[in-house]
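My questions will all concern the structure given below.
Rule-based calculations on the coordinates, nothing more; no lab input. This one's a predicted model, so the numbers in the text were calculated from it and none came from an experiment. Using ideal geometry, Cβ is built from the backbone for each residue, glycine included, and neighbour counts are taken over all protein chains shown.
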Amino acid sequence: MKKYIFFTILILFYSWSVFAHSGKLKDHVIIDTDAAADDLRAICLLLASDEIEVIAITTSDGALNPDNGLLRVRDLLKSFGHEGILTASGEILQTNPPPWRRFSQKINWGDGGFVETNRDRNAADLIISSIEAEKKLVTVVCLSSLTNISNAFRIKPEIKKGIEKIVWYNDNIHPNSGTNYEIDKAAADHILSMDITINVVSNLNNKSIGFTEKLLQSIENIKTPYAQKIAKSHRQNEVFQKIKINHLKLWDDLVALYLLHPKLFKTKIIEKYPNQSISRVLKSNKIEEKIIEILSCHNEERSIVFKQFPSDSNLFREDISQFMNQIIERYGKEEWKIVILTNEFHDHLGIYSIIGAKMGLRAREYFKVGLDELLVLSYAGSQPPISCLNDGLQVSTGATLGHGTISMIKDLPQLPKALFTFKNTTISLQLKQDYWEIVKKDIKQGIKQYGFLTNNYWFFIRELAIRYWLDWNRKDIFNIEIID
């Protein structure tokens, strides 16, 4: 009875988490970027929001050339664990790069590790396939030229029916002017001649809003990965010097703010082109406040039963409470909550259940999705201890036997492995062999020392589970493979 009540609370808790944002369905967004500093900020804002699902990111020529831009985008996504967001680069247009390219090349977007850039897939093709794969209308966000979306339309004009609107940062339309227009006038003229909803976001004729040192300090105080990425990149010496002399302005950032808070802008419909409009900042005094609000999104507590998830260390057993702050600092509040709920549901602090919790969260992170959005196929079987992985998978993904969104392969050898499917993509996550050998060796040692299923054995398992929870980063312990 106790477990039934707990599981009911768990379902309520997670049901709220899925629908707890503003109540509207997520906007499905394709981002096209030239990898400037303000693009980095805009992308982080869009990724941070619970109201946006970024389905693809393409790179165009501008602050960086498309290939270099793609490297930075992929590095950024890898640092967040969002490798599942599709990416591709467009064509090189500029024979003479802009004077700010050298500055843009110095900005670190990720951790600087090796990333695959999928150069065999071009931006136009990715835009087409991404739109065709969606059941919902797509918003195309253009932070540079309109080259890639123009090429996509030239290849396949029918994708128009899958687009809700194009949102483009540029100085002006009708008359057309601005850097993003000048990069590829033909592409812009092509898009602006079409019968499709286009909204230009601009800061022209308004007092420029600077990216100030004060704003940077406020962002630094937000302990979310997206805020910390902006803070770290903008503390680089070359970038920070620009901030100090008030050179950096909010440009492409305003596109993200427009999508999420359109009431901050005054929108004017173009008289001769009623499907086109231009939006300029109306409430500049609210801009910084909304940036902080968006970047703080993942710090918010959402629950049906709790006013907030228990955060007082005195409420937890001593062997857990002493590590609480370290775990949250290393892996975030979400992993903390998921593992706590997994252990309560599982009825003891288990090794494989914690690995399953980390695995399911890692899969959601990979695709950048919420709960109850993945189909899960587990290889852990139904024989403990490996089958305990399934409890962690259910809690961390929201996939349940009742919903038919998790199932098990029973005829194969048990493995700490699962397949996760989102839309048309399936990935495999499996505990790396060296980590699995550590688990098997430690469990074998516990049985030898304390006997199997004795009280001392369970105390030993609890100690191991806490140690693995604290020491094993979900980004390091799994092999991830895309299944064709």
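What's the center-to-center distance, using Cα atoms, between the stretch 191-261 and the stretch 359-381 in Å?
32 Å
Dipole of the chain, Cα-centred, from +1 at each Lys and Arg C-beta and -1 at each Asp and Glu C-beta, to the nearest 20 debye?
Here the size comes out at about 620 debye.
Still on this structure: Dipole magnitude of the stretch 22-62 about its Cα centre, charges +1 at Lys/Arg Cβ and -1 at Asp/Glu Cβ only, in debye to the nearest 20?
180 debye
Sticking with this one: Could you tell me which of A363, M324, I438 has its Cα farthest along the dipole of the chain towards the positive end, charges placed at Cβ (Lys, Arg +1; Asp, Glu -1), taken about the Cα centre?
M324
Can you compute the helix-only [θ] at 222 nm over the chain? Use -39500 (n - 2.57) per DSSP H run of at least 4 residues, normalise by all residues, nearest 500 deg cm²/dmol.
-13500 deg cm²/dmol
Please report, for the Cα atoms of the stretch 22-299, the Rg to one decimal and the Dmax as a whole number; what are they, in angstrom?
17.3, 50
Which far-off residues, 5 or more places away or on another chain, put their amide H under 5 Å from the one on V200, with H placed in the peptide plane?
W168, S277, I278, S279
Right, something else. Mind jotting down the three principal axis lengths of the stretch 336-484 based on Cα atoms? Whole angstrom, largest first.
On the principal axes, the stretch 336-484 reaches 48, 29, 27 Å in Cα extent.
Listed highest first by mean packing, meaning other Cβ atoms within 10 Å per residue, what order do 404-411, 182-189 come in?
182-189, 404-411
Just the number, please: percent antiparallel of the DSSP beta bridges in the stretch 79-224, rounded to the nearest 5.
10 percent
So, one more: Mind listing the long-range amide H neighbours of T426? Cut-off is under 5 Å, sequence gap 5 or more, other chains count too, H placed in the peptide plane at 1.01 Å from N.
I483
How big is D, in µm² s⁻¹, for the chain by Stokes-Einstein at 37 °C and 0.692 mPa s if Rh is the Kirkwood radius over C-alpha pairs?
136 µm²/s
In debye to the nearest 20, how big a dipole does the stretch 22-299 give about its Cα centre with +1 on each Lys and Arg Cβ and -1 on each Asp and Glu Cβ?
For the stretch 22-299, the charge dipole is close to 760 debye.
Oh, and also: Whose amide H sits under 5 Å from the amide H of S89, counting only residues 5 or more places off or on another chain, with H placed in the peptide plane?
T59, A123
Name the residue farthest towards the positive end of the dipole of the stretch 365-420 from the options S387, L374, H403, assuming +1 on Cβ of Lys and Arg, -1 on Cβ of Asp and Glu, about the Cα centre.
S387
Using only the alpha-carbon atoms, how far is helix 433-450 inclined from the longest principal axis of the chain? Give it as 0 to 90 degrees, nearest 10.
With rounding to tens, the tilt is 20 degrees.
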